[in-house]
Amino acid sequence: MIKEFKDFAMRGNVVDLAIGVIIGGAFGKIISSLIEDVITPLLLKPALEAAHLTKLEELTMFGSVKYGLFLSATINFVIVAFVLFLIIKGMNSAKKKEKTAPSAPPAPTKEEVLLTEIRDLLKK
């Protein structure tokens, strides 16, 4: 049973998934920092100052509905989705370039060569 588990855990798909989850977590932190430290101060600063706030997450409605958190999560999602779209689009275009690369035509078989020689002799 231990050997089977080891074989399962060391298969390529499981290891790739684990790496993807770890990188995804780190990527999420980068996106959160981009939102909180770059986009919010640059783009949303005038709106936040008008509302007397410093962070987007502080926006509330009726005192308890924190729609600022929702807006922040929505902006995070849109940025992550757009970046993933660009990555996948780049990968797909790279695959298309690989497929469209001209390959050498296959060499004729011995039978084809022999038939070609016979045809040429019959023409003469």
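What the table shows:
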| item | result |
| --- | --- |
| Candidate set from segment 65-122 (those that are at pLDDT 80 or above and charged (D, E, K, R)); member that is nearest to the chain's Cα centre (by Cα) | 89 |
| Every residue from segment 22-36 that is at pLDDT 80 or above and of a type in the set (D, E, K, R) | 29 |
| Selection count, segment 87-118, where residues are hydrophobic (A, V, I, L, M, F, W, C) and either surrounded by 11 or more Cβ atoms within 10 Å (Cβ to Cβ) or in contact with an Asp or Glu (Cβ under 6 Å, 6 or more places away or on another chain) (or both) | 3 |
| Residue tally, condition under 20 Å from residue 75 (Cα atoms) and in contact with a helix residue (DSSP H, G or I) (Cβ under 8 Å, 6 or more places away or on another chain), over segment 12-35 | 6 |
| Hey, residue 9 surrounded by fewer than 13 Cβ atoms within 10 Å (Cβ to Cβ), at pLDDT below 75 and among the small types (Gly, Ala, Ser) or not | yes |
| Scan of segment 19-55 for residues that are in a loop (DSSP other than H, G, I, E, B) and exposed (fewer than 10 other Cβ atoms within 10 Å of the Cβ), ordered by number | 52 |
| Among the candidates 121, 84, residue that is loosely packed, with under 13 Cβ neighbours inside 10 Å and under 30 Å from residue 28 (Cβ atoms) | 84 |
| Total residues in segment 56-77, condition surrounded by 12 or more Cβ atoms within 10 Å (Cβ to Cβ) and either assigned to a helix (DSSP H, G or I) or without any contact (Cβ under 8 Å) to a residue 12 or more places away in the chain (or both) | 14 |
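The values are calculated or read from the model by the stated rules, or taken from the named source; none is laboratory data. Keep in mind the model is a prediction, meaning the values are calculated, not measured. FYI the Cβ positions are ideal-geometry reconstructions off the backbone, even for glycines, and counts take in every protein chain you see.
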